[in-house]
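See structure below.
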Amino acid sequence: KMGHVFLLDRETGEPLYPIEERPTPQGAVPEEKLSPTQPFPTHPKPLHPLELDPEDAFGFTFLDRGYCRDLLERYRWDGLFTPPSVEGSIQMPHSGGGPNWGGVAIDEARGVMILNQTHAALVNILIPRAEADLPDSADFAYPNEFYTMRGAPYAVNRFLLASQFGAPCNPPPWGSLTAVDLRSGEIKWKRALGTLRESAPFPIWLFFEDYGAPAFGGGMSTDSGLYFIGATLDKYFRAFDVETGEELWRD
């Protein structure tokens with residue numbers, strides 16, 4: 001879910017390329033013990049964007065762009081593995097991941113790995129136990145996700161980092177396809193995946209074809225050099241050229 005791909009020897013489990021233990025953000029709540037480091041692959045490098053600054057805020061207009069900029073300034077963001085906090089912390093990739101359970105497709109003959117990713121951010125706010133157990137605590141849940149986590153010191157309120165119009169505050173594409181050359185570890189091509197056709201009102205989806213959309217589920221590659229995938233919110237089934245990323249067909 002972090003957008004990390006680790007290449008291992010299938011017989012021994014040993015990494016084929018170096019894995020770096022890098023320092024990760026600390027200092028969330030007193031009751032939580034955090035690992036000082038996390039593993040990061042070097043071949044290929046992390047495939048999900050790792051930067052999210054207020055100046056990166058997205059908006060269809062200056063109004064929602066300013067709204068998103070304020071949100072990015074309000075909540076804690078120290079990069080990947082930023083821990084949840086009482087003040088509110090940004091989580092990116094979101095819980096849908098980048099990629100998620102769908103897995104990747106491998107073109108063995110060409111040494112290419114293709115994966116679809118969802119790019120969006122969430123906000124996690126820890127609610128102290130006494131406050132979370134109040135009779136009206138269910139108010140936290142709408143329109144967000146509220147997890148009581150009974151027996152723990154905190155409950156969790158979680159919601160999409162989005163503008164007043166409902167669009168993600170991080171820049172598009174919000175769904176993408178990435179092809180990685182497994183021999184070199186370099187990105188071969190990357191493109192938006194999906195449209196806003198089922199997610200945004202007309203005519204927004206018509207004019208923002210290259211913004212991509214969340215997609216849940218993997219694709220498959222064929223010996224003929226094609227990559228097929230459904231999975232997108234716009235309900236299309238597509239075929240792409242493995243070498244170039246060109247969309248050849250949709251239905």
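Numbers at a glance
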quantity	calculated
Selected residue (only one of Leu63, Leu34, Leu47 is modelled with pLDDT of 90 or more and open to solvent by less than 20 Å² (accessible area, probe 1.4 Å))	Leu47
Selection count, the stretch 200-227, where residues are crowded, with 18+ Cβ neighbours inside 10 Å, under 19 Å from the mean Cα position of the chain (by Cα) and either at pLDDT below 80 or not in a strand (DSSP E or B) (or both)	6
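The values are calculated or read from the model by the stated rules, or taken from the named source; none is laboratory data. Here the structure is a predicted model, which means the values were calculated and not measured. So basically every Cβ, Gly included, is an ideal-geometry build from the backbone, and we count neighbours across all protein chains shown. Just the protein is used for accessible areas: all its heavy atoms, side chains included, with ligands, DNA and RNA removed. Shrake-Rupley method; radii C 1.70, N 1.55, O 1.52, S 1.80 Å.
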